[in-house]
Amino acid sequence: MKIAVQQAEFDLAAEVAALYRANPRVGAVASFLGLVRDINDGQGVSAMTLEHYPGMTERALADIVEQARGRWDVIDVCVIHRVGPLSPTDPIVLVAVASAHRGDAFAACEFIMDFLKTRAPFWKKERTPQGEHWVDARESDEAAAARWR
């Protein structure tokens, strides 16, 4: 299992390959790559800054992964979340799940991402033409997480 909160970019192909390269039991890898958009809630976004609570963030992510492992047959997981200043088209988050079968990989990947959005202590500040502002939690993210309960 790899969990990282970092400012540096990551190599999507290398991270995904690391999940299956040395394990012949892996039959499927599902991944999600989140990117910075140039628009949010109808406003242009020229940049964003992501902050987190060091230590607590990694523990929250590890707990979410363990919950997924308790529900599905998961062989390995990679969660990387970037923090610091970011620009449109920059990768923000990678969630990749290796499993023997695609159904477990897809479900666990989606579950981890849904709970990451609602339970991990990250804060996002966007820069728009109207100035900088902190982004509030979305009801749609809470609804996505609620369906797993």
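The values are calculated or read from the model by the stated rules, or taken from the named source; none is laboratory data. On a predicted model such as this, the values are computed, not experimentally measured, just so you know. Counting neighbours? That spans all protein chains shown, and the Cβs are built from the backbone with ideal geometry, glycine included.
If you go through region 1-22 and pick out every residue that is hydrophobic (A, V, I, L, M, F, W, C) and part of a helix (DSSP H, G or I), you end up with 7.
If you go through region 97-113 one residue at a time, do you hit one that is more than 25 Å from Trp148 (Cα to Cα) and either in a strand (DSSP E or B) or not aliphatic (A, V, I, L, M) (or both)? No. Residues in region 29-42 that are at pLDDT below 95, loosely packed, with under 13 Cβ neighbours inside 10 Å and not charged (D, E, K, R): Ile39, Gly42.
When region 23-76 is filtered for residues that are over 29 Å from Thr89 (Cβ atoms), of a type in the set (S, T, N, Q) and in a loop (DSSP other than H, G, I, E, B), only Asn23 remains. On inspection, Leu61 passes the criterion of being within 17 Å of Gln7 (Cα to Cα) and either of a type in the set (Phe, Trp, Tyr) or surrounded by 16 or more Cβ atoms within 10 Å (Cβ to Cβ) (or both).
Taking the stated definitions as given, is Trp123 exposed (fewer than 12 other Cβ atoms within 10 Å of the Cβ) and more than 19 Å from Glu15 (Cβ to Cβ)? In short, no. Are there any pairs, at least 6 apart or on different chains, whose C-beta atoms fall under 6 Å, with the first in region 130-149 and without any contact (Cβ under 8 Å) to a residue 24 or more places away in the chain and the second charged (D, E, K, R) and assigned to a loop (DSSP other than H, G, I, E, B), and if so, which? Filtered contacts from region 130-149: no entries. One residue alone among Val26, Val45 is modelled with pLDDT of 95 or more and of a type outside the set (Phe, Trp, Tyr), and that residue is Val26.
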